[in-house]
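What follows is one structure encoded as structure tokens, with my remarks underneath.
The values are calculated or read from the model by the stated rules, or taken from the named source; none is laboratory data. The shown structure was predicted, so the numbers you read here are calculated from the model rather than taken from an experiment. Positions of Cβ are generated from backbone atoms using ideal geometry, with glycine treated the same way; all protein chains shown enter the neighbour counts.
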Amino acid sequence: MRTVRIAADRLGALIGKSGDTKKLLEERSGLGLEISKDGTVVIDKSETGDPLMELKLADVIKAVGRGFNPEKALRLLEDDEYLEIIDLKEFAADKQIKRIRGRLIGKEGRTRKIIEDLTLCDMIVYGNTVGLIGNSVSLPVAKHAVGMLINGSEHSSVYGYLEGQRPRLRISEMGFDL
């Protein structure tokens, strides 16, 4: 049995309309979920199936709690898909977080979209955190790009870095190990 806490305002996204999302998570993972109103989610251990599924489902729940759409968070049930949460408070004072969030999202979401498109990672900026979902090759590239933006690199430098990583990411997509 594993317990995960999420913000109460994200419980609706986790449960879904008429409990649809909760049912989908239970079906796809083979595990049961008990969700309380205070944001505590208990994952019931299963006697059958993948022993890592409990950890994968915990990551899906954390991802939904950090602002990801449940459909995108379901990627985490697949092998070689990981969740990375970056706390902006570790890098900047409270006064600067709003500016950094704006740099990460970009005008009309352009920067976030470019990072997602070039790395094939999903990215969300929620509260004081940045969430990334991706595989073992693309996730470090996306994390580095986010780090560059947090540390004040120009957007053009970040885009250049991402463009430079495209051949590596394409080789990875084809199934070759690097």
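In this structure, does Arg66 turn out to be assigned by TED's automatic domain parsing to the domain that holds Ser136 and either on the phi > 0 side of the Ramachandran plot or within 17 Å of the chain's Cα centre (by Cα) (or both)?
Considered against the rule, which asks whether it is assigned by TED's automatic domain parsing to the domain that holds Ser136 and either on the phi > 0 side of the Ramachandran plot or within 17 Å of the chain's Cα centre (by Cα) (or both), Arg66 comes out as no.
Look through region 1-55, keep the residues that are touching a Ser or Thr at 6+ places or on another chain (Cβ under 7 Å) and within 16 Å of Leu76 (Cα to Cα), and return whichever of them is modelled with the highest pLDDT.
Leu14
With (1) more than 25 Å from Leu77 (Cα to Cα); (2) without any contact (Cβ under 8 Å) to a residue 24 or more places away in the chain; (3) crowded, with 18+ Cβ neighbours inside 10 Å as the list, and Leu104 as the residue in question, which single condition is left unmet?
Among (1) more than 25 Å from Leu77 (Cα to Cα); (2) without any contact (Cβ under 8 Å) to a residue 24 or more places away in the chain; (3) crowded, with 18+ Cβ neighbours inside 10 Å, Leu104 violates only (2).
If you check Thr40, Thr21, which single one turns out to be in contact with a Lys or Arg (Cβ under 7 Å, 6 or more places away or on another chain), outside the structural domain of Tyr126 (by TED's automatic domain parsing) and of a type in the set (S, T, N, Q)? Show your work before the answer.
Numbers: Thr21 fails: in contact with a Lys or Arg (Cβ under 7 Å, 6 or more places away or on another chain).
On inspection, the qualifying residue turns out to be Thr40.
So that you can scan it fast, the table gives a plain yes or no per residue for (1) of a type outside the set (Val, Ile, Thr); (2) surrounded by fewer than 17 Cβ atoms within 10 Å (Cβ to Cβ):
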| position | (1), (2) |
| --- | --- |
| Ile6 | no, no |
| Leu25 | yes, no |
| Met53 | yes, no |
| Lys56 | yes, no |
| Asp59 | yes, no |
| Pro70 | yes, no |
| Asp80 | yes, yes |
| Leu88 | yes, no |
| Ile114 | no, no |
